[in-house]
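One structure is given here, and the rest of the page talks about it.
The values are calculated or read from the model by the stated rules, or taken from the named source; none is laboratory data. Predicted model, so just to flag it, every value in this text is computed and none were measured. Cβ placement follows ideal geometry from the backbone for every residue including glycine, while neighbour counts extend to all protein chains displayed.
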Amino acid sequence: MHDVLFQPLTMGALQAKNRIFMAPLTRGRAADPMFVPNEMMATYYRQRAGAGMILTEATGISREGLGWPSAPGIWSDEQTEAWKPITKAVHDEGGLIVMQLWHMGRIVHPVFLDGNPPFSASATTAPGEAHTPEGKQPYAEARAMTKEDIDPTIADYRRAAENAKKAGFDGVQLHGANGYLIDQFLRDKTNLRTDEYGGSPENRTRLMREVLEVLIEVWGADRVGIRLSPNGDSQGTDDSNPAATFGAAAKVCEELGLAFVELRQPGPDGTFGSTDVPKQDPVIRANYTGPLILNSDYSAQEAADDVSSGRCEAVTFGRPYISNPDLEKRIAAGAPFNPNKDVPKSWYFPIPQGYIDYPTMEQEKAANAA
């Protein structure tokens with residue numbers, strides 16, 4: 001029934017053993033205050049190494065770009081060294097692991113920046129409240145980036161990509177989705193600029209292109225991907241013409257020859273990211289000929305159907321991989337999934353509960369037989 005999901009997939013130089021991928025998932029288990037990965041994270045990723053490809057949780061490229069408590073970074077030597085046991089753990093299990101590179105832009109609260117404002121495409125303020133070590137706090141107005149801000153930020157992406165290579169990853173994915181810095185430049189609700197980084201869709205893709213170019217210089221295009229979220233509002237980031245904007249973004253991905261493009265599409269009504277805006281994967285398909293990965297609250301059958309039809313080459317599963325470390329085995333066996341401890345404490349607190357304590361099918365059988 002789901003055999004198509006267990007076919008191998010070539011994405012540039014990346015060889016996935018199946019089409020069931022693990023989506024990037026912020027889990028908040030790194031050690032504060034230096035955002036350093038730890039042994040618990042190595043266990044977590046090793047448990048899930050049966051995925052065709054693991055896309056890591058969003059990982060900060062710089063101190064000023066990371067505003068999430070206990071999220072990991074990749075800008076320091078200490079962080080880079082701490083990632084090495086994690087990539088080794090996945091590789092020892094025969095897995096493939098790609099690091100997602102993250103700059104949060106205006107979503108970084110000043111508490112993470114010694115009281116200074118964050119920066120973004122334009123001087124705008126995200127709606128709602130930020131997660132901070134001192135509890136939730138309203139977002140602050142961002143400062144519009146100057147060229148003097150943009151160049152060092154691109155250099156930060158380069159350093160992060162170099163560190164990811166040193167740490168033993170198989171490739172990198174640019175986080176261009178979900179209302180963070182690259183997305184803030186892409187979409188016209190948050191990009192109000194009138195210079196070469198604003199205005200037309202082609203101009204608004206300029207920062208994305210420049211960052212991808214330095215990632216390619218480090219890794220080669222055949223090990224670089226991107227995540228986009230072309231549908232509706234995301235943390236106050238939106239666009240008046242998503243087809244034009246993301247058609248232009250897809251053309252950049254095609255011109256640069258990226259190994260893959262992942263889309264976070266809107267889920268069903270009532271789920272995270274639901275919207276009336278039509279899904280844009282046909283627009284991406286029309287402009288990008290490489291492997292397309294979709295993410296949109298899929299069931300196993302829906303994933304098999306979309307891969308079989310050629311709508312996409314693979315599907316990333318997010319929340320199901322939180323509570324099912326052997327998700328791909330459960331899909332293969334038609335076995336039930338573990339229920340997700342769907343509470344913020346389980347998702348984001350730096351504790352092992354709700355993180356590395358979910359049983360595999362084998363563990364469940366052993367417990368039942370005891």
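Okay, here's what the table says:
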quantity: Selection count where residues are out of contact with any helix residue (DSSP H, G or I) (no Cβ under 6 Å at 6 or more places or on another chain) and aliphatic (A, V, I, L, M), scope region 175-197; calculated: 1
quantity: Members of region 295-338 found to be within 23 Å of PRO230 (Cβ to Cβ) and of a type in the set (S, T, N, Q), listed by number; calculated: ASN295, SER296, SER299, SER309, THR316
quantity: GLU57 within 21 Å of ILE154 (Cα to Cα), outside any helix (DSSP H, G or I) and either at pLDDT 95 or above or touching a Pro at 6+ places or on another chain (Cβ under 6 Å) (or both); calculated: yes
quantity: Count - residues of region 34-54 that are in a loop (DSSP other than H, G, I, E, B) and touching a residue at least 60 places away in the same chain (Cβ under 8 Å); calculated: 5
quantity: Selected residue (only one of PHE21, PHE6 is among the aromatic types (Phe, Trp, Tyr), within 18 Å of PRO320 (Cα to Cα) and either without any contact (Cβ under 8 Å) to a residue 40 or more places away in the chain or surrounded by fewer than 24 Cβ atoms within 10 Å (Cβ to Cβ) (or both)); calculated: PHE6
quantity: In region 124-161, the residues that are surrounded by 14 or more Cβ atoms within 10 Å (Cβ to Cβ), of a type in the set (Gly, Ala, Ser) and either over 21 Å from GLY198 (Cβ atoms) or free of Cβ contacts under 8 Å to residues at least 60 places away in the same chain (or both); calculated: ALA130, ALA140, ALA142, ALA144, ALA160, ALA161
quantity: Residue in region 167-176 that is more than 25 Å from GLY236 (Cβ to Cβ), in a helix (DSSP H, G or I), at pLDDT 95 or above and not hydrophobic (A, V, I, L, M, F, W, C) present; calculated: no
quantity: Matching entry among THR194, THR237, THR245, THR190 (being of a type in the set (Ser, Thr, Tyr), over 21 Å from PRO282 (Cβ atoms) and touching an Asp or Glu at 6+ places or on another chain (Cβ under 7 Å)); calculated: THR237
quantity: Some residue of region 21-40 being at pLDDT 95 or above, closer than 21 Å to SER296 by Cα and either out of contact with any strand residue (DSSP E or B) (no Cβ under 7 Å at 6 or more places or on another chain) or of a type in the set (Lys, Arg) (or both); calculated: no
